[in-house]
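Worksheet for the structure shown next.
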Amino acid sequence: MNTQMFPDLVINGETIPQTAVAAELQNHTASKDNFADALRNAANALVIRTLLLQEARRNGIEAIPQEVSPNRFETEDEAMIRALLEAEIDITHPSEEDIRTEWQKAPERFRTMPLWEVSHILCKCDPNDAVEKELALRRATDILNELRKDGQTFEKIARAKSDCGSRSAGGSLGQLRPGDTVPEFETALRQLSDGEIAPEPVLSRYGYHIVRMDALAEGQPLPFETVKPKISEAMEKAQWARKAKLFVDGLIASASITGADLGRVTSNTKPN
């Protein structure tokens, strides 16, 4: 009786053991609903990695692992894949005219970061606890209704009812820039105008927030010369991604592969 959990992966005659597929599966989000997709993506990632390593060996590439972060070095396989891609992918630096053309498509994209002055009232809860979450939402909704009544100030209610340490400052969080707070909170800030209170409680990993934008300084447009290096870098990265995909697609097209469905995966050819 066949008890294999995963199909055999055979790439140009090289068999990938099931243990390798199981190990790779840990790098792909898997649940009961998407297990088949996660398994497929894990298998395909292994196929692409194997093809790259086979090509590196065929080309006689030897690579010395480099330090990619403090005290963390590439594995030998990662070093070989990097060296192969460096040898095979030639990047053309964009001309100033090309960079300017890209900038002119939407120059308003390139601005200084906005500055937000924010206050909030926190109704703390664990978002994964359904009962706690419901009680916190009810409490936050009641507080929001209080704020809409005459004579109720945000600072007064924050001092009395917020679960955040900022309660002593009337809920004030001071000045914030993008990246200073959790993404779900920042998303709400980006939708508020000067002096506006969010119309509904905002859920974050900390609980429900009643959020007020005390003051808003919009980011200012940046001149071309300032953003030119970043645009050039982004264009080079996009060019690298296109050429890397074409290179991998060529390896797949000329390979003998069984046990994988490479038509249903988006590959990342950069070594992890």
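Throughout, read-outs are computed from the coordinates displayed, never taken from laboratory work. Bear in mind the structure is a predicted one, so any value in this text is a computation, not a measurement. Note: ideal-geometry Cβ built from the backbone for every residue, glycine included; neighbour counts use all protein chains shown.
At a Förster distance of 35 Å, what's the computed FRET efficiency of V68 paired with L115, Cβ-Cβ distance as r, to 0.05?
Computed FRET efficiency for V68 and L115: 0.55.
Here is the link list: K105/K230; K105/K243; K124/K149. Which ones come out longer than 21 Å on Cα distance?
Too far apart for the 21 Å limit: K105/K243; K124/K149.
For G207, which sequence-distant residues (separation of 5 or more, or a different chain) have an amide H within less than 5 Å of its own amide H, given hydrogens modelled in the peptide plane?
C125
What's the ranking of 40-51, 56-67, 73-84 by average number of surrounding C-beta atoms within 10 Å, highest first?
40-51, 73-84, 56-67
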